[in-house]
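Read through the structure below, which is laid out as structure tokens, and then see the notes.
None of the figures in this text is laboratory data; all of them are computed from the coordinates on show. Nothing here was measured: the structure is a model prediction, and the numbers come from that model. Note that we place each Cβ from the backbone using ideal geometry, even for glycine, and neighbour counts take in every protein chain shown.
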Amino acid sequence: PRVTIVGAGRVGSTLAQRIAEKNLADVVLLDIVEGMPQGLALDLLEARGLELHNRQISGTNNYADTANSTIVVITAGFPRKPGMSRDDLLKINAKIVVEAAKNAIAHSPHAIFIVVTNPLDVMTYLTWQTTGLPRNQVMGMAGVLDSARFETFIALELGVLPADVKAMVLGSHGDLMVPLARYATVNGIPITELLDAATIENLVARTRNGGAEIVELMHTGGAFFAPASATSLMVESILLNQSRLLPVAAYLQGEYGLNEVVIGVPCRLGCGGVENILELTLNDEEKAALQTSANSVRQNIQRAQE
Ligand code: NAI
């Protein structure tokens, strides 16, 4: 299989490394900056013999070289600067993502698209709209990352192994995300048994602010290691047809009482893309939070198209 990554920036290039070194697929890195994706690809190729894999990695500025990709990942666009919200990136990234989606689908009409560019849910919607693909073939990465952040903060608080913590974050990728604290466990034990309500609330707040915390520390750009890991997990579940149940930004048609909006929900990911969407039983508070989250995505979809 072949995976094209549009945008060979920090997330895109790190993702290329993960995909090749996990031996998942050949990788095409595409960027508008001339020479840069070619240079990165050569650098990754020179590591091949050391990392012991045999995947092809190429860099290009031309969409013709991405033909017949199984998966197209869109990471092209601008990241946040300190003080910016993801929504501040709306107009500028909308233009970039629509152009990327249009060019990529022309050469890979059967591809599955994974969007990473922010504001995530809106960019995923625009990609679905632009490609005209069935909804199961277009999705956004956010929930896997937000959940990993929540799990990290729980593990740090309790002093347990991060792999033993399981949690899911639904909703939009932003301040209105919906971390499901009551479903979070340490090897099956609910965290509500292990931590008091105020501590859990602090961990939820840190999760909501997880991206901004890193932007503030780094000044230039945002997180990219964990985002690349989260995206590569989704790529893996699709390419290996693992049917993992992950929080994924998907286009909803009635699920959770929501329509014509993209938002993070639990999805089974396999070779067809989103195989199905799981409708969890949410309490009133969680339902309201998901609704608020969806309303804000809807408003931004409108704004992006004005
Ligand atoms: P970056 O600035 O390192 O890379 C972006 C790349 O896109 C640059 O190399 C740039 O030349 C390229 N680019 C710009 N316009 C293009 C076009 N028209 N066609 C092809 N390439 C183009 O940024 P970084 O850190 O890699 O972040 C990329 C995006 O991913 C940002 O929007 C960021 O906010 C988002 N992001 C989303 C996450 C999520 O959870 N969904 C997590 C982390 C980042």
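Here is how the numbers come out for the structure above:
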item: Local net charge near Val3, Cβ-Cβ under 14 Å (Lys/Arg +1, Asp/Glu -1); result: 0
item: Considering only segment 1-136, percent of DSSP beta bridges that pair antiparallel, nearest 5; result: 0
item: 5 angstrom amide H check on Leu282, placed H, neighbours 5+ away; result: none
item: Gain upon complete extension [Glu193, Leu217; 0.36 nm per residue less C-alpha separation]; result: 5.4 nm
item: Relative packing of 171-180, 21-30, which averages over residues the other C-beta atoms within 10 Å, highest first; result: 171-180, 21-30
item: For Met168, residues with placed amide H under 5 Å, excluding near neighbours; result: Leu180
item: Gain upon complete extension [Lys91, Asn54; 0.36 nm per residue less C-alpha separation]; result: 9.4 nm
item: Within the chain, percent of DSSP bridges classed antiparallel, to nearest 5; result: 50
item: Long-range lysine pairs (8 or more apart or interchain), the chain, Cα under 22 Å; result: 4
item: In Hz, Karplus ³J(HN,Hα) per residue of segment 234-243 (6.51, -1.76, 1.60; θ = phi - 60°; x = Gly, Pro); result: 5, 4, 4, 4, 6, 5, 8, 6, 7, 6
item: Percentage of interatomic Cα-Cα distances in segment 226-287 larger than 14 Å; result: 58
item: Amide H contacts of Ala142 (H built 1.01 Å from N, under 5 Å, at least 5 apart or other chain); result: Ala249
item: Potential extension, Asn202-Met84 segment - 0.36 nm per residue separation minus Cα distance; result: 40.3 nm
item: Phi to ³J(HN,Hα) by Karplus 6.51 cos²θ - 1.76 cosθ + 1.60 over segment 100-117, Hz, x for Gly, Pro; result: 4, 5, 4, 5, 5, 5, 4, 9, 9, x, 10, 5, 9, 9, 10, 9, 10, 4
